[in-house]
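Reading through the structure tokens given below for one structure.
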Amino acid sequence: MVRGLYTACTGMINEQNRMDILTNNLANSTTNGYKKEGSTSEAFSSLLAYRIKDQTGIGVNTQRIGSVSLGVKIGEGYTDYTQGSFKQTDNTFDLALSGDGFFSVEFTNKAGETSTKYTRDGSFTMNQEGYLVNTNGDYLLGTNENGATVRIQVDPNATITIDKSGLIFENGVPTEQLLITNFADYNYLEKYGENYYQAVEGAEMAEPDAQVYQGYLEASNVSIVTEMVDMISVTRAYETNQKVIQTMDTTLDIAVNQIGKVR
């Protein structure tokens, strides 16, 4: 019976983790280019049912206490990279990617160190020097005619157009190319900050097949209705486990304080 308390507890912890992820998805439902997250659940193995720090056994401090399931444990988290819908803005420097790939951005941390991050958020503006930056002030990266990676800088007085391949034109003259980066396996990407991704060890580059759409932004791929339905399901599962614990607690109380009472 006491094991049942721990089984119900693991269920509550797992549902709490799911709820945290769902609320984060809902909070970012209006964030440009946001990709929703999810989590998996795994059954506890019976081999994990041990007595911890049990000194009754000679020479060992962990013994198996049976094959009764100890409930559920939190599995791996994942990110759904499904493309979000496009919304038209008609702003010159609002860009959206259709297909696989990310905008490359020069990120500067508080220590002044720079590194390349990746994002699907294509909301950019032009600063006073003519560089294209996002809402964080980080620079959009591209390549020049020599193939070198550079910050995208445009003439404030020119008419700027960007074709689907990411080539930038100033008054009809091609200048720089947007640096669109893709990866062979997105499992080697991890989230950084609010809406950035960074490559981890083992990440391999792949040929991007994304097309650039000027005057559009990619919305998040979060379905508010789906998340709300899942939230209701999580809440009910949490309450069920809670009632199991309350019932077992009442039963234990009767067993200890009433059945065992000496008359």
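The values are calculated or read from the model by the stated rules, or taken from the named source; none is laboratory data. Please read all numbers here as calculations on a predicted model, not as lab measurements. Glycine gets a Cβ as well: all are built from the backbone with ideal geometry, and neighbour counts include every protein chain shown.
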Within segment 121-154, how many residues are among the charged types (D, E, K, R) and either within 13 Å of PHE93 (Cβ to Cβ) or touching a Lys or Arg at 6+ places or on another chain (Cβ under 7 Å) (or both)?
1
Return the residues of segment 106-157 that are farther than 19 Å from VAL212 by Cα, among the hydrophobic types (A, V, I, L, M, F, W, C) and free of Cβ contacts under 8 Å to residues at least 12 places away in the same chain; say none if nothing qualifies.
ALA111, ALA148
In segment 77-86, anything in a loop (DSSP other than H, G, I, E, B) and of a type outside the set (Ser, Thr, Tyr) is listed as ASP80, GLN83, GLY84
Have a look at THR108, THR114 and point out the one that is out of contact with any Phe, Trp or Tyr (no Cβ under 8 Å at 6 or more places or on another chain), over 21 Å from ASN28 (Cα atoms), polar (S, T, N, Q) and assigned by TED's automatic domain parsing to the domain that holds ILE180.
THR108
Hey, can you tell me all the residues within segment 201-229 that are under 19 Å from GLY38 (Cβ atoms), of a type in the set (Val, Ile, Thr) and crowded, with 18+ Cβ neighbours inside 10 Å?
VAL222
Exception for ASN187 within (1) farther than 15 Å from ASP100 by Cα; (2) without any contact (Cβ under 8 Å) to a residue 40 or more places away in the chain; (3) in a helix (DSSP H, G or I) falls at (1)
Among the listed residues LYS164, LYS243, identify the single one that is among the charged types (D, E, K, R), surrounded by fewer than 16 Cβ atoms within 10 Å (Cβ to Cβ) and part of a loop (DSSP other than H, G, I, E, B).
LYS164
Residues in segment 169-184: is at least one exposed (fewer than 14 other Cβ atoms within 10 Å of the Cβ), under 19 Å from the mean Cα position of the chain (by Cα) and part of a helix (DSSP H, G or I)?
no
